[in-house]
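A short write-up of the structure that comes next.
The values are calculated or read from the model by the stated rules, or taken from the named source; none is laboratory data. Computed from a predicted structure; not experimentally measured. Heads up, the Cβs are rebuilt from the backbone with ideal geometry, glycines too, and the neighbour counts pull from every protein chain shown. In case anyone asks, the SASA skips ligands and DNA or RNA and just uses the protein heavy atoms, side chains included. Shrake-Rupley method; radii C 1.70, N 1.55, O 1.52, S 1.80 Å.
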Amino acid sequence: QIGDLTIRAARLAVEEVNAGGGVAGKVFELVVRDVRSDPATALAEYRAALTTDHLDALIGPFKSAYAVQIVPEHRQVELPMFIGATNATLTELNDRNLFRMRPSDRVTAAAIVAFALSGVNAQRIGVVYDTDAFGSGGARRIREELAATQRAPSVEIGYVTGAPELDTIARQLANTNIDTILIYGTNGADVGRLLRGLRYWKVNATVITSPGGATVPAHNIAAEAQDGIYVVTDALLRSDASGAAFVARFEARFGFTPDTYIAWVYDAIHLLADRWRQQPDAAQSTLSALIRAEAFHGVQGVYRFDANGDGLHSVVIVQMQDGVATPRAYFDGETRTLTLAHREQQP
């Protein structure tokens, strides 16, 4: 589902750019390759794209499990590449042509812990995480954030993407005395199944998840079991005029609401269009330097790329009810400041 939604976001952006005549008389063409949910295939498709697709820029993988295969090789390539993968180490490899369009795990994990301690007064914390590059990286950051406050998880449980034992994990958590569960899950569907298990086993604990907890797949599976959980998300699109406009255009084009995970792809394409309008012949490292040169206001917020290539540095903590997200707090990763929202505030 995420792959399909991502392609739709990219198509919408390309259609919008081309409807305006393209850039300097040149239209955008979208070339799509399917990684088939497999890291080895992702690397093979990346290599094939560089060899045969005649690219001017590349929108790379969404999942960290794929990106950890690709990004080390990309250090030798001058083609600008945008990624949605959030594993913190990906942008710490000195790749001047790599740009992350979502907040890194360093920001998300810090926000999860800050909200757990200051927002819901967590005392006994359990951590459940996907053991892939995304989940294990997030869990590691959570441990580090807790250790900085002289705390540690009371329970830690890892699982494999798509694992069948999530109900067993929920039952295990029901037999503990934890009051807060932090979930760092890659696939929204897995998070949804875990939430259903927690509801079935009557686990009486506050739940805070990484962005997957607010996705369409998570809600489709969890349904009412999603109600009341907190989710650290990249942005709350409807709270900003440009974000709300994107949602409206997506709904008009495709007939349903976009997922929280996909706006970064839309922003990446419009960012490229903006830079090429400034300098139509910019290519490779020159284009990368142009991308870094100034901020860009996208539908997710303002991108300011630092030396590592990280563009977004804040997140929103929302609470879910009937599939709708309401903001409860904001976290600034640069100042490490948590600001609680007014309870009556609506998205």
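For the reader, a short list of remarks on this structure follows.
- Residues within the range 16-32 that are of a type outside the set (Phe, Trp, Tyr) and surrounded by 14 or more Cβ atoms within 10 Å (Cβ to Cβ), tallied: 5
- Pairs with Cβ under 8 Å, 6+ apart, first in the range 120-131 and under 19 Å from LEU338 (Cβ atoms) and of a type in the set (Gly, Ala, Ser), second open to solvent by less than 40 Å² (accessible area, probe 1.4 Å) and not in a loop (DSSP other than H, G, I, E, B): ALA122/ALA116; ALA122/THR180
- Annotation: of all residues in the range 108-126 being in a helix (DSSP H, G or I) and touching a helix residue (DSSP H, G or I) at 6+ places or on another chain (Cβ under 7 Å), the one that is surrounded by the most Cβ atoms within 10 Å (Cβ to Cβ) is ILE112.
- LEU98 buried (at least 19 other Cβ atoms within 10 Å of the Cβ), out of contact with any strand residue (DSSP E or B) (no Cβ under 6 Å at 6 or more places or on another chain) and closer than 26 Å to TYR266 by Cβ: no
- Qualifying residue in the range 219-236 (condition: within 19 Å of ASP105 (Cβ to Cβ) and open to solvent by 30 Å² or more (accessible area, probe 1.4 Å)): no
- ALA205 vs. criteria within 26 Å of ARG141 (Cα to Cα) and among the aliphatic types (A, V, I, L, M): yes
- Criterion violated by PRO80 - all others in (1) open to solvent by 30 Å² or more (accessible area, probe 1.4 Å); (2) more than 17 Å from TYR261 (Cβ to Cβ); (3) not small (Gly, Ala, Ser) satisfied: (1)
- In the range 210-231, the residues that are small (Gly, Ala, Ser) and either part of a strand (DSSP E or B) or more than 13 Å from the chain's Cα centre (by Cα) (or both): ALA218, ALA222, ALA223, ALA225, GLY228
- Cβ-Cβ contacts under 6 Å between residues 6 or more apart (or on different chains), taken from a first residue in the range 54-70 that is hydrophobic (A, V, I, L, M, F, W, C) to a second residue that is assigned to a helix (DSSP H, G or I) and open to solvent by 30 Å² or more (accessible area, probe 1.4 Å), are listed as ALA65/PRO39.
- Residue match in the range 193-203 (condition: buried (at least 22 other Cβ atoms within 10 Å of the Cβ), part of a loop (DSSP other than H, G, I, E, B) and at pLDDT 95 or above): no
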